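All remarks here apply to the structure that follows.
Any read-out appearing in this document is the output of simple, stated calculations on the displayed coordinates, not a laboratory observation. This one's a predicted model, so the numbers in the text were calculated from it and none came from an experiment. Note that we place each Cβ from the backbone using ideal geometry, even for glycine, and neighbour counts take in every protein chain shown.
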Amino acid sequence: MKRKIEKQNLVEEPMVAYTAISQTPMVAMMGNQYANPTDFDLLNLARKGISKKSLTALAKQISLTIEEVANVLHISERTLQRYTPTTLVKTEYADRAIELARLYERGIKVLGSEKAFNTWVKAPNFALNGEIPFNLLDTRIGFEMVLNILGRLEYGVFS
């Protein structure tokens with residue numbers, strides 16, 4: 001005796017309908033025209049400079065205060081506050097802001113969510129001699145160290 005199996009007609013809705021669409025840190029900083037920027041786009045942006053408005057959008061996107069962003073960029077918080085929204089920050093600050101956005105994008109990709117990465121980057125890390133990863137972002141070497149740990153995590157190496 002064969003039973004006829006009826007196929008249910010289920011309407012499947014895309015998950016995007018139920019989740020907030022989140023911008024990446026790079027898109028928050030650079031605008032939608034740079035959804036997938038090339039290295040040359042980033043180079044040109046760094047040379048041109050980044051507006052204070054873009055830096056503020058980046059800080060908001062990655063849950064940092066203006067003070068924390070200023071420390072990473074090596075610019076005084078007061079100077080940054082004095083800038084108008086359209087003022088372009090110099091190349092060396094723009095370069096560091098781009099590196100910060102790239103680091104956060106990589107961290108979010110590796111750890112799976114902004115919340116997970118924000119927790120990880122602000123907690124002491126055994127692989128970094130107990131240092132808090134965010135506190136190392138004041139130097140290029142610190143950025144490299146944090147990126148190396150993320151790479152190790154990505155490949156399942158204890159870190």
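Tabulated data for the structure shown
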read-out: Trypsin sites (Lys or Arg not before Pro) restricted to region 49-120 and DSSP loop, no more than 14 other C-beta within 10 Å; value: 90
read-out: Relative contact order (%) - region 22-154, alpha-carbon pairs under 8 angstrom, separation at least six; value: 24
read-out: Radius of gyration and Dmax over the Cα atoms of region 22-154, both given in Å; value: 14.2, 41
read-out: Qualifying chymotrypsin sites (Phe, Trp or Tyr not before Pro) in region 82-159, DSSP loop, other Cβ atoms within 10 Å at most 13; value: 155, 158
